[in-house]
Amino acid sequence: MEPLYLPQLANRRDRTLEIVVDTTVAEFDTLTPVRGKIVVKHGGTYLDVSAQTETILTLKCDRCLQQYNHRLALNATEIIWLEAEDPEPPRAGVEIKNELEELVESLPPDGHFQPDVWLYEQLCLAVPLRKLCNQDCAGITPIESPPEAQPSAPVKLDSRWGILEGLKDRLENG
Ligand SMILES: [Zn+2]
């Protein structure tokens, strides 16, 4: 998928580009190609990006550790703000606020939108956090240790999801 030059998208008659997706995604292992579409709409000060795709991937059950195939249907929408890079360095003492700001996607108005990178991020987010081969899976040791107490398998994520996880923990624990 080619990077999209934003001023060019803004000059299209309907300011919208539909990208047909039928591809494997780098660093995201799937059994079948990711198929569907991405629609990118230029809203002047923002991009409205949405995707509907389907694929099948192999996951490992949190309870019994068996591998199983999971049909991953992605139905995602995101607003990406178009604004010039903030030249101001991050200030100390407002750590959480800064982390939240980093979670809001933005692009320079004269920059490029990379559909493949965006799709990769959305697919990572769509992978279920709780992986069960089946809702009634009894697991390996159902009596001694309840599955809820076991940490789920570490998932390879990029650092931004790490920030999100850390933030979530802090919000939940105090
Ligand atoms: Zn299982």
In whole angstrom, and with the biggest value first, how far do the Cα coordinates of region 1-50 range along each principal axis? 38, 17, 15
Of 19, 56, 80, which has the most accessible area with a 1.4 Å probe, and how do the rest follow in descending order? 56, 19, 80
Computed E for residue 134/residue 37 - FRET, C-beta separation, R0 41 angstrom, nearest 0.05: 0.85
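The values are calculated or read from the model by the stated rules, or taken from the named source; none is laboratory data. If you're wondering where the values come from, they're calculated on a predicted model, not measured in any experiment. FYI the Cβ positions are ideal-geometry reconstructions off the backbone, even for glycines, and counts take in every protein chain you see. Protein only, heavy atoms only, side chains kept; ligands, DNA and RNA dropped before computing areas. Shrake-Rupley method; radii C 1.70, N 1.55, O 1.52, S 1.80 Å.
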